[in-house]
Every structure is written in structure tokens, then in C-alpha cells.
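The structure appears right after this line, and notes come after that.
Please treat every number below as a calculation from the coordinates, not as lab data. Predicted, not measured: the structure shown is a model, and the values here were computed from it. We place every Cβ from the backbone using ideal geometry, glycine too, and count neighbours over all the protein chains shown.
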Amino acid sequence: MTRRSEQISLHLNAYLLAHSTPPDAILRELATETAERYPNDIHRQVAPEMGTLLTLLTRMCRARSGIEVGTFTGYSSICIARALGTDGRLLCCDVSEEWTSVARKYWEKAGLTDRIELRLQPALDTLRALPQEEAFDVAFVDADKLCYPSYWSELVPRLRGGGVIMVDNTFSHGRVLDAGNDNPSVIAVRRMNDLAAADDRVEVIMIPIGDGLTVALKHSRRN
């Protein structure tokens with residue numbers, strides 16, 4: 001079983017998939033192995049249509065340098081790294097040696113090991129240790145929801161003008177609409193959504209794919 005877009009019906013999701021570029025054999029194999037090895041964590045893997053969108057957006061902004069916060073078993077990193085081109089580089093941030101060992105195996109199968117650097121430590125430690133300069137063309141966030149506002153604050157200044165930041169799970173399974181929901185993760189996602197909507201450094205749109213994907217384009221010549 002793989003992830004799917006939650007805000008549309010099963011039939012409409014099937015129609016969406018039938019009219020979109022499908023994942024290749026490596027991504028299908030990775031999705032299958034992830035589901036078999038980690039059935040209780042399959043929600044951590046992006047839906048196939050989300051992976052296709054990540055590839056398209058990365059290609060469309062002609063990115064050559066990227067950063068991913070939250071790698072899991074590597075599906076989204078493959079989708080992004082492929083679109084960076086042979087001279088591209090992707091920095092992946094995660095804390096799990098176990099999950100990312102699967103990612104490493106599939107990076108090798110996909111011929112991407114020379115494009116991807118993995119740093120195993122809390123992502124905020126990695127981000128805060130990076131130079132305070134615009135270094136990335138694309139960023140993807142799909143990690144600890146409690147840190148979403150901090151990830152946004154650390155990543156946007158490090159994104160080049162014309163760069164794109166993509167944040168997954170910004171609907172929090174629809175819970176963002178429940179004003180009475182005081183789950184700390186939901187509150188953090190709501191806060192990040194508000195930060196993004198009010199941030200004059202970017203143009204932003206929320207897309208009802210997966211569990212909600214926020215996509216923001218950073219203006220040129222702004223800090």
C-alpha cells in the first residue's frame with residue numbers, strides 16, 4: 001500500500017495517477033520495500049503523485065542545489081536529486097541510520113550517490129551550522145512537525161532568489177481547520193502556514209496533493 005492524496009476520492013486519485021507520469025521501477029521497488037519493512041511508518045513516504053510533482057517543480061526552476069529536511073527511506077530525495085542534473089547536489093537531513101540505510105541502497109541503484117550528501121543529526125543543528133547565505137535553489141521539508149516554523153525561518157534566508165521551498169503535510173490531515181485541536185504538532189503546522197502566508201519574501205500557494213503541499217517561490221533580490 002502506498003500513500004495517496006487525501007483530499008480527493010479514491011476514484012479521482014486513480015484518475016489522477018492514470019493521467020500523470022508514473023514512478024519508474026526503482027521508485028516502485030523502493031515503495032514496496034518500505035511498505036513491507038515499515039508498515040506502521042508508510043505515512044512518512046510521499047505519495048507517488050507528490051514525487052512526480054517534486055521532480056517537475058525542481059526541474060522547472062532549473063535547480064542545481066537542493067536541501068531536504070526529512071529523508072525517511074529516500075523516495076522524495078530520489079525524485080529531487082534526479083531533477084538537479086548530473087552536476088547537482090542535494091543535502092539530506094535525517095536522524096535515522098536505519099531508515100536512511102534503505103535510502104542509501106536506492107540512491108546507489110538510481111546512480112545518485114555522487115549527488116547526495118546525508119547528514120545524520122537533528123535537522124535544525126544542520127541548518128543552523130550552514131553559512132548565512134543564499135545557497136540553495138530548492139528545499140523540501142517533510143520532517144518533525146513541531147519544528148516546522150523553525151525550518152521555515154532557517155531555510156528561506158538560505159534560498160536563492162527564484163528558488164522554491166516545498167513543505168509537506170501542511171493540511172495535517174485536515175486538522176488545521178479544527179480550532180479546538182490543541183495537538184502541539186497541529187499548532188506548529190498552523191503557525192508555519194501563517195508564517196508562510198505572511199512572508200513578503202515569497203509568493204505562496206497550498207496545493208491539495210498528498211496531505212497538503214505548500215509551495216513558495218522566493219522573490220529575487222530580497223533577504
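Numbers below:
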quantity: Charge dipole (debye, nearest 20) of segment 87-194; +1 at Cβ of Lys and Arg, -1 at Cβ of Asp and Glu; calculated: 80 debye
quantity: Cβ-derived FRET efficiency at R0 25 Å, Ala135 paired with Ala35, nearest 0.05; calculated: 0.10
quantity: Paramagnetic reach from Ile205 (point 7 Å along Cα→Cβ, amide N under 17 Å) across segment 35-74; calculated: 50-62
quantity: Neighbour net charge for Gly66 - beta-carbon separation under 10 angstrom, K R +1, D E -1; calculated: +1
quantity: Near-label residues of segment 1-43 by backbone N, under 14 Å of a point 7 Å along Cα→Cβ of Ser101; calculated: 37-38
quantity: Listed residue (Leu155, Ala83, Gly111) projecting farthest to the positive dipole end of segment 82-157, Cβ model; calculated: Gly111
quantity: Radius of gyration, Dmax [segment 126-223; alpha carbons; angstrom]; calculated: 13.2, 40
quantity: Contact order normalised by residue count of segment 145-189, Cα under 8 Å, 6+ apart, percent; calculated: 60 percent
quantity: Rounded if a/c under 1.5, otherwise prolate or oblate - segment 100-151, Cα gyration tensor axes; calculated: prolate
quantity: Two-decimal ratio, the chain, of alpha-carbon radius of gyration to 2.2 N^0.38 Å; calculated: 0.95
quantity: Alpha-carbon Rg with Dmax, taken over segment 16-59, Å; calculated: 11.2, 32
quantity: Computed magnitude of the charge dipole of segment 6-64 (debye, nearest 20; Cβ of K, R +1, Cβ of D, E -1); calculated: 360 debye
quantity: Mean Cβ count within 10 Å, highest first, over the residues of peptides 100-112, 69-81; calculated: 69-81, 100-112
quantity: Calculated [θ] (222 nm, deg cm²/dmol) that DSSP helices of n ≥ 4 give over the chain, each run adding -39,500 (n - 2.57); calculated: -12000 deg cm²/dmol
quantity: Contact order relative to length of the chain, as percent, for alpha carbon pairs under 8 angstrom and 6 or more apart; calculated: 19 percent
quantity: Leading residue at positive end of dipole, the chain (Cβ point charges), from Val164, Val186, Thr71; calculated: Val164
quantity: Förster-model FRET efficiency, 35 Å R0, Ala14 and Thr113, C-beta, rounded to 0.05; calculated: 0.55
